[in-house]
Structures are given as C-alpha cells and as structure tokens.
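A.B. asks: Dumping the structure here so I can ask a few things about it.
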Amino acid sequence: MTRSMGKITVARRVVQVFVLVLFCLPPMLAGWGLAGLFAGGDGEVATPAEGAFFGSLSSSSVVGVPLFDPLGAVEVMAASRSLLAASALTGALLVIVVYGLVRGRAFCGWVCPVNLIGEGVDAARRRLGIEVPERTVPRRAKVGVAVAVVLLSALVGFPVFELISPIGAVNKGLVFGGLAGAGTLLAIVIAELLVSRRLWCRALCPLGGTFQVLGRAGQVNVAIDHDACIHCDKCTQACLADPVILAPVLAGEDAIVRAGDCMACGACVDACPTSALRFRLGRPRRPASRKDVNKM
Ligand code: SF4
Ligand code: SF4
C-alpha cells in the first residue's frame, strides 16, 4: 500500500535534498563536474575552499567557521593522540551544542543522506511488495560501535570510520566520483532489502550512536495527548528509529518520547489519524503516574 507524505515528511525531504545540493554545488561550480568527469575542462580545476561554504558532512567551513562531526573529531584526536586545533575543536563543540539542544538524532532524520537513501529503498521495497521482517534490533549497539571505532582509531593511528563511512560517500561520489564508502552504502541497501528495515540506522551507525547519546538532552520532543489516542499503532508502524521508543507514551507512562534514539523525523506525527501526537518544546520531568501525565 502506498502512503501519502505528510507535511513534516515533505519539509524533511526539502531539507534533506537542500543539504545534499548545498554540499555538492560549490565543488561542481568550481569545475569538478559530475562524478569527477569533465573536471576543469581544458583549464585547471579551481579549489572552492575559499568560498563561503565548502566541505562535507564530516567537516566543513561556513563563512570561515569550521564545523566538525563530533565522532570524526574524537577519532582524529584518538588517532593522533593530540587535541585538534582550537578552531576545529570549537567547530565540533558547536555541532554538539546545537544538536544537543535540538535533538541529537535530528541529524539522522533531517540531514543524513544515508537515511534519505534508506527511506527511498524502503518505499521502493513496499511498492515492489518485498517483505522484510520488522526485527527487534539492539539499538544501543551503535553506541558500542562508536566506542569501538574510537578505540580502534587510537590503536591503528587512523580515523577508521572515515575510511568506510557511507555518510560522506554520497556527495563525494556525486561530485568527485570517489568510491570510499560506496561498499558500505551497498551493504546497507542490501540489508534494507533482505535483512531488516533500517538495520544500519537503528543498530550500527556509530555517528547515529554518538547523536543518540546527545539526544537525551534534546528540547524538541514528540508529545502525546492521551485522550485523543485511539491506539491504532500507526505511529509505531511509521517510526523511523525503533517502534519501541513510542511504547512509554502509548502506555500512558510518559508525556513525551524521551529516548535519545528519536530522530524528530515527525513520521509518527504525520501518521497519527487523530492528531494525538505533536512536537513540543521542552523536556518535562518524567511523570510519576498516568494521572500526572494527563495534567501535563
Ligand atoms: S518517535 Fe516519531 S519523531 Fe521519533 S523517530 Fe519515531 S517516528 Fe520519528
Ligand atoms: S497513531 Fe496516534 S492514535 Fe494511533 S496509536 Fe499512535 S498516537 Fe495513538
């Protein structure tokens, strides 16, 4: 059955595509062409690094301010056994503060191209009638993967995830024709079709694990109106992260989806037929009882 896209999902698609274009456009305009073909034509290929915006999702420069993905920054420090330059460290801290305040995994839901591809494959799979089991996956495993990646980087003296990361692979492939990360991307697509929905994003991605930890402080949360809920389960079926993270609110034990795993993707809000779910700002204390939940 085909699902129509809700308003939040449409907004999310616009942001996901905008971010992809934002990262691809500067090097393309500087003459790198498409997939590394026709780079520079007859002349020398210019470097776009002097422009107002340049980089990848791992590290970029916005009007001269460097931004670093926090896992990559820790990997580099572990591998080199030294602190990053102060400006780079500030760039990583800026990312941590912004996503930490909004919701860590908003990066996964609104920015990461791997999620965009995963959702595309999921939609194609449903259209083609390919069934995959909705397995319970160890979603905290990705935090362990993040720790393992840092330890391994320290051991081998190289930021190991950056070598196989599928996250930057999309725009690097589109612009430069680079194949680093393409194998990981292919494995993710195969797993999506044959093993389990969103296996990579739910259980394995170390960057998702890093943002999952930050998500515990996020101020943008999905809240429920228990009186409006008819327990149809459409929200859990739509959830991009893991259906179990909605269980406490549906059971009346909490007023907001508290799990750091929530991507603030809004798929549950879009799917709810009674508008029982909505986004709210703030993180009320976990209520002691159902009575307290209803007062909120
Ligand atoms: S709980 Fe809702 S907003 Fe959070 S990941 Fe699931 S579908 Fe997205
Ligand atoms: S989709 Fe809405 S009405 Fe259905 S179970 Fe979820 S919150 Fe309740």
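A.B. asks: Just one of (1) away from ligand 1 (no atom under 12 Å from the Cβ); (2) buried (at least 17 other Cβ atoms within 10 Å of the Cβ) trips up Gln212, so point out which.
C.D. replies: Looking at each condition in turn, Gln212 falls short on (1).
A.B. asks: To continue, here is another question. Take the residues of the range 239-251 that are in a loop (DSSP other than H, G, I, E, B) and more than 7 Å from ligand 1 (Cβ to nearest atom): which is nearest to Ser196 (Cα to Cα)?
C.D. replies: Start the filter on the range 239-251 by keeping residues that are in a loop (DSSP other than H, G, I, E, B), which leaves 239-242, 251.
From what's left, more than 7 Å from ligand 1 (Cβ to nearest atom): 242, 251.
Numbers: Asp242: 12, Ala251: 26 Å.
Here the residue is Asp242.
A.B. asks: Which residue, of Asp270, Asp254, is away from ligand 1 (no atom under 11 Å from the Cβ) and crowded, with 19+ Cβ neighbours inside 10 Å? If you could, list the steps in order and put the result at the bottom.
C.D. replies: Working: Asp270 fails: away from ligand 1 (no atom under 11 Å from the Cβ).
Answer to the selection: Asp254.
A.B. asks: Quick one: Gly260 ticks every box in (1) farther than 30 Å from Pro159 by Cα; (2) modelled with pLDDT under 95 bar one, so which box is it?
C.D. replies: Going through (1) farther than 30 Å from Pro159 by Cα; (2) modelled with pLDDT under 95 one by one, Gly260 breaks only (1).
A.B. asks: Any residue at all in the range 173-194 that is at pLDDT below 85 and touching a Phe, Trp or Tyr at 6+ places or on another chain (Cβ under 8 Å)?
C.D. replies: Among the residues of the range 173-194, at least one is at pLDDT below 85 and touching a Phe, Trp or Tyr at 6+ places or on another chain (Cβ under 8 Å), which makes the answer yes.
A.B. asks: Yes or no: Arg278 basic (Lys, Arg) and in a loop (DSSP other than H, G, I, E, B)?
C.D. replies: It is false that Arg278 is basic (Lys, Arg) and in a loop (DSSP other than H, G, I, E, B).
A.B. asks: Just to be sure before I move on: is Arg139 touching an Asp or Glu at 6+ places or on another chain (Cβ under 8 Å), modelled with pLDDT under 90 and within 13 Å of Val213 (Cα to Cα) in the structure I sent?
C.D. replies: Working: touching an Asp or Glu at 6+ places or on another chain (Cβ under 8 Å): yes; modelled with pLDDT under 90: yes; within 13 Å of Val213 (Cα to Cα): yes.
Yes: the conditions hold for Arg139.
A.B. asks: Ala187 is checked against (1) within 15 Å of ligand 2 (Cβ to nearest atom); (2) out of contact with any Leu (no Cβ under 9 Å at 6 or more places or on another chain) and fails just one. What number does that condition carry?
C.D. replies: (1)
A.B. asks: With (1) surrounded by 14 or more Cβ atoms within 10 Å (Cβ to Cβ); (2) polar (S, T, N, Q); (3) at pLDDT below 90; (4) closer than 21 Å to Pro243 by Cα as the list, and Thr90 as the residue in question, which single condition is left unmet?
C.D. replies: (4)
A.B. asks: I'd like to check something: does the range 216-238 contain any residue that is more than 16 Å from ligand 2 (Cβ to nearest atom), at negative phi, part of a helix (DSSP H, G or I) and crowded, with 21+ Cβ neighbours inside 10 Å? Break it down into steps so the answer makes sense when it comes.
C.D. replies: Within the range 216-238, the subset more than 16 Å from ligand 2 (Cβ to nearest atom) is 216-220.
Adding the requirement that they be at negative phi leaves 216-220.
This time we only want the ones that are part of a helix (DSSP H, G or I), so: 216-217.
Checking which are crowded, with 21+ Cβ neighbours inside 10 Å leaves us with none.
Within the range 216-238, none of the residues are more than 16 Å from ligand 2 (Cβ to nearest atom), at negative phi, part of a helix (DSSP H, G or I) and crowded, with 21+ Cβ neighbours inside 10 Å.
The values are calculated or read from the model by the stated rules, or taken from the named source; none is laboratory data. Only a predicted model underlies this, so the values are computations on that prediction, with no experimental measurement involved. Cβ sites come from the backbone with ideal geometry, for glycine too, and all protein chains shown count toward neighbours.
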